[in-house]
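Heads up: the structure comes next, in structure tokens.
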Amino acid sequence: MRVTGGSGASVARLLPWTGTGGKPCYVVGDGAGRVSRRADEVEEIQLDMAYELLGHADDLLTGPGVTAPEIHFLARRLAESLEHVQRIAESRGSRLEAALAQPQPQSNSETSP
């Protein structure tokens, strides 16, 4: 999503958390503000947790004597983690798409060496 203003266009960033009722939250800006930095921190934590959870899942599922409640609990955590990772991918993909859509400076062949 692009938002135009007096000095150009900004990208509306999908944040890694939801608002009231599970509605998506966005921040508009250049990506250098306090909310954007906090979103970067939250995304890093969520990705680290997903990586650790995958290791735990591998250990649990290859070990002997795993119970149905343990598998159910693991499945719920994996689903939550996948939702976080999907949200991060959607946010980053949108920002990448917006960055690639910005006009690139034209090189002037007369002034280029």
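Throughout, read-outs are computed from the coordinates displayed, never taken from laboratory work. The structure displayed is predicted, hence computed values, not measured ones. Heads up, the Cβs are rebuilt from the backbone with ideal geometry, glycines too, and the neighbour counts pull from every protein chain shown.
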Could you state the principal axis extents of the C-alpha atoms in the chain, from the largest down, to the nearest angstrom?
73, 41, 20
For a quick check, take a GNM of the chain with Cα springs below 10 Å and name the residue from 29, 63, 55 with the largest mean-square fluctuation.
63
Which net charge results for the neighbourhood of residue 47, defined as the other residues with beta-carbon distances under 12 angstrom from its beta-carbon, given Lys and Arg at +1 and Asp and Glu at -1?
-4
Rg and Dmax of the stretch 51-104, Cα atoms only, in Å
17.4, 59
Hey, what angle do you get for helix 68-101 against the long axis of the chain, alpha-carbon based, 0 to 90 degrees rounded to 10?
10 degrees
With everything on Cα atoms, drop me the angle between helix 34-62 and the longest principal axis of the chain, reported from 0 to 90° to the nearest 10.
30 degrees
Given R₀ = 25 Å, what would the calculated FRET efficiency be for residue 98 paired with residue 47, taking r from the Cβ atoms and rounding to 0.05?
0.70
Of 44, 52, 83, the most mobile residue in a GNM of the chain (C-alpha springs, cutoff 10 Å) is 52
